[in-house]
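What follows is one structure encoded as structure tokens, with my remarks underneath.
The values are calculated or read from the model by the stated rules, or taken from the named source; none is laboratory data. Remember, predicted model here, so these are calculated numbers, not experimental data. Every residue, glycine among them, receives a Cβ derived from its backbone with ideal geometry; neighbour counts consider all protein chains shown. Please note that ligands, DNA and RNA were not included when accessible areas were found on the heavy atoms of the full protein model with its side chains. Shrake-Rupley method; radii C 1.70, N 1.55, O 1.52, S 1.80 Å.
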Amino acid sequence: MSANQNKFAPDWLVEPKDANQIAAQIWPTNFVRSGAGDVSIGGVPVGQLATTYGTPLFVVDQDDFFARAKKVKSAFDDAAASIGSSAKIYYAGKSLLTTEVVKWVERLGLNVDVSSGGELALALAADINPARIGLHGNNKSLYEIGRAVTANVGAIVIDSEIEIERIASVAGAQDKIQPVRIRVNSGVHAHTHEYLATAREDQKFGIAIADVPALVAKIRSHSHLKFLGLHSHIGSQIFALEGFIESVRRLLPLHKSLLEGGDVPELNIGGGFGINYTSADDAPDIEVFAQEIAKEVARLCGELDIKVPVLCFEPGRVISGPAGVTLYNVGTIKDVQLSEDGVTGVRKYVSIDGGMSDNARPSLYKADYTPVLASRISSAKPALSRVVGKHCESGDVVVRNCYLPEDVSPNDLLAIAATGAYCHSLASNYNYLTRPAIVAVKDGNVQLILRAETEADMFARDPGYSAEKTG
Ligand SMILES: Cc1ncc(COP(=O)(O)O)c(C=O)c1O
């Protein structure tokens, strides 16, 4: 802890000189404070957005989303081209999926990864070319497999032996040849700065390296299946390149052994590329990661004397995360007196009109976030604060550690950065809160890409519900 550090703040959280600051590495490019002090996103003032669409509200800076998607695509395209191959990028739909988002990514030349029948249905509803869809899941139902094969999806990722027969029989019944990958449990697990490498990771996904050859032989024995290659996904919010390097070191010798039985055109290295959530984060440059991974693939393929496969990646958060912010209205505020080891202090508890139902990541993963007072500028000094939701859980925290201006007040608007990924997609109706709308903003224009849920939507499944009685 540094000399002037507040004892009740974590070491990484430095008290800002100005609590109004908008750090470029955390916020979307078009999130700017106007001369009048309020913030606009994509040229639209936050006050206007909140008045028109209500709060909480997910706001996507469309230009920022596009710029990140293009950067990711060209990073992997260029890296693969530099080693004489090509890349296929699957946007991980689970991070943020609406029909408009599917259209954006398809327009940008990306493919889409889906993990359930619901995500598949949404991607298909957006009219994406089904050959651009990859289906994941450790427990796909026969119905989901049937839907995917019927739709002619470009790839299904097999996650367990039983799925081989299931997919083969569905494809056989439709007289189709279904391309498949096999998900490998490589034993590499990475999270932010560390990675763990064991013989086999103790988790539900994938097939142990030792079991893969027999399963690939089984796939190849089915005339209605076509083997594309291996797949591995080693974790999320990864800053450590070494995890990806270790993963390709484990996969490529296996890939080589499979070449003895037939073609293996692709190698899928998954997603998980990290982003900045707070001033303490320094996320890696995706271009550097792409180049380093490609270099290692080329080196190993040279050593193993095999052709460099097409490289597939599945980035989600790195595209959708930083482009999104959530707007909340401030409700109640409490200054809670703290005392520890004879030191006293205050933490300001700022309650907002959403919480764990629209952002489950802090309660699920202890994720950190960064807020800013968005509806005005304040000259008050920074106060150690905690942004909390309105749910009946003490763990309902949206930003555990932050500084906000000491005069933050009811009806101020707070914006939380980097909430584009895994916030709406993990949203729930806990305590019967309705789920927020998503708007895309660009050049002063607003597009509603998902309307807010209404009570009528939420209660539509309850046969005893009647709107007339609810007042
Ligand atoms: C198989 C697979 N691919 C890709 C992703 C996307 O990860 P991220 O959004 O962190 O890039 C995930 C996320 O859980 C995943 O499970």
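Rundown of residues vs (1) of a type outside the set (Lys, Arg); (2) outside any loop (DSSP other than H, G, I, E, B); (3) open to solvent by 10 Å² or more (accessible area, probe 1.4 Å), yes/no style:
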{"site": "ALA298", "(1), (2), (3)": "yes, yes, yes"}
{"site": "CYS312", "(1), (2), (3)": "yes, yes, no"}
{"site": "TYR349", "(1), (2), (3)": "yes, yes, yes"}
{"site": "ASP358", "(1), (2), (3)": "yes, no, no"}
{"site": "LEU364", "(1), (2), (3)": "yes, yes, yes"}
{"site": "ALA380", "(1), (2), (3)": "yes, no, yes"}
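So which of ALA360, ALA418, ALA383 ends up being within 16 Å of the ligand (Cβ to nearest atom) and over 20 Å from PRO28 (Cβ atoms)? None of the other options fit; the residue is ALA360. GLY270 satisfies every condition listed in (1) in a helix (DSSP H, G or I); (2) within 13 Å of the ligand (Cβ to nearest atom); (3) of a type in the set (Gly, Ala, Ser) except (1).
Among the residues of the range 132-160, write down those that are assigned to a helix (DSSP H, G or I) and in contact with a Pro (Cβ under 9 Å, 6 or more places away or on another chain).
ALA148, ALA151, listed by residue number.
Count of the range 168-193 residues, restricted to those that are among the small types (Gly, Ala, Ser) and either assigned to a loop (DSSP other than H, G, I, E, B) or within 16 Å of the ligand (Cβ to nearest atom) (or both), is 3. Sub-9 Å Cβ pairs linking a first residue in the range 141-154 that is of a type in the set (Ser, Thr, Tyr) to a second residue that is outside any helix (DSSP H, G or I), at least 6 apart or interchain, are THR150/GLN174; THR150/LYS176, ordered by first then second residue.
Take the conditions open to solvent by 60 Å² or more (accessible area, probe 1.4 Å) and not in a helix (DSSP H, G or I) and apply them to ASP281. Does it pass?
On the way: open to solvent by 60 Å² or more (accessible area, probe 1.4 Å): no; not in a helix (DSSP H, G or I): yes.
Spelling it out, it is not the case that ASP281 is open to solvent by 60 Å² or more (accessible area, probe 1.4 Å) and not in a helix (DSSP H, G or I).
Here ALA67 meets the list (1) crowded, with 20+ Cβ neighbours inside 10 Å; (2) away from the ligand (no atom under 16 Å from the Cβ) almost entirely, failing just condition (1).
Name the single residue, out of those in the range 222-245 being away from the ligand (no atom under 16 Å from the Cβ) and open to solvent by less than 40 Å² (accessible area, probe 1.4 Å), that is farthest from SER169 (Cα to Cα). Of everything passing the filter in the range 222-245, ILE245 is farthest from SER169 (Cα to Cα).
Cβ-Cβ distances below 6 Å connect the following pairs, each with a first residue in the range 215-235 that is in contact (Cβ under 8 Å) with a residue 40 or more places away in the chain and closer than 17 Å to LEU267 by Cβ, a second residue that is within 15 Å of the ligand (Cβ to nearest atom) and basic (Lys, Arg), and a separation of six or more residues or different chains: LEU228/ARG181; GLY229/ARG181; HIS231/ARG181; HIS231/ARG183. When the range 70-111 is limited to residues that are among the charged types (D, E, K, R) and away from the ligand (no atom under 16 Å from the Cβ), the one that is farthest from ASN268 (Cα to Cα) turns out to be GLU100.
Could you list, in sequence order, all residues of the range 306-322 that are aliphatic (A, V, I, L, M) and more than 9 Å from the ligand (Cβ to nearest atom)?
Those that are aliphatic (A, V, I, L, M) and more than 9 Å from the ligand (Cβ to nearest atom): ILE306, VAL308, VAL310, LEU311.
The number of residues in the range 80-111 being open to solvent by less than 20 Å² (accessible area, probe 1.4 Å) and within 14 Å of the chain's Cα centre (by Cα) comes to 8.
This table checks each residue for (1) free of Cβ contacts under 8 Å to residues at least 24 places away in the same chain; (2) within 30 Å of VAL105 (Cα to Cα).
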| site | (1), (2) |
| --- | --- |
| ASN329 | no, no |
| VAL336 | yes, no |
| PRO362 | no, yes |
| LYS366 | no, yes |
| PRO371 | no, yes |
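Of the strands (runs of 3 or more DSSP E) entirely within the range 391-471, those holding at least 1 residues that are of a type in the set (Val, Ile, Thr) and open to solvent by 40 Å² or more (accessible area, probe 1.4 Å) occupy 445-450.
Could you say which residue among ALA190, ALA168, ALA199 is farther than 20 Å from HIS136 by Cα, aliphatic (A, V, I, L, M) and either touching a strand residue (DSSP E or B) at 6+ places or on another chain (Cβ under 6 Å) or open to solvent by 60 Å² or more (accessible area, probe 1.4 Å) (or both)?
That would be ALA199, the only listed residue that is farther than 20 Å from HIS136 by Cα, aliphatic (A, V, I, L, M) and either touching a strand residue (DSSP E or B) at 6+ places or on another chain (Cβ under 6 Å) or open to solvent by 60 Å² or more (accessible area, probe 1.4 Å) (or both).
Only residues that are open to solvent by 10 Å² or more (accessible area, probe 1.4 Å) and either touching a Ser or Thr at 6+ places or on another chain (Cβ under 9 Å) or under 25 Å from ASP38 (Cβ atoms) (or both) were counted across the range 323-347, and they come to 9. Of the residues making up the range 255-270, just one is surrounded by fewer than 19 Cβ atoms within 10 Å (Cβ to Cβ) and under 25 Å from PRO315 (Cβ atoms), namely PRO265.
Return yes or no: is TYR53 buried (at least 20 other Cβ atoms within 10 Å of the Cβ), more than 16 Å from the ligand (Cβ to nearest atom) and within 29 Å of ARG435 (Cα to Cα)?
Yes: the conditions hold for TYR53.
The set of residues from the range 28-41 being touching a residue at least 24 places away in the same chain (Cβ under 8 Å) and either of a type in the set (Val, Ile, Thr) or in contact with a strand residue (DSSP E or B) (Cβ under 7 Å, 6 or more places away or on another chain) (or both) comprises PRO28, THR29, ASN30, PHE31, ARG33, ASP38, VAL39, ILE41. When the residues of the range 112-139 are narrowed to those that are within 13 Å of the ligand (Cβ to nearest atom) and either over 21 Å from the mean Cα position of the chain (by Cα) or buried (at least 21 other Cβ atoms within 10 Å of the Cβ) (or both), which ends up farthest from VAL101 (Cα to Cα)? Residue satisfying both the conditions and the ranking: GLY137.
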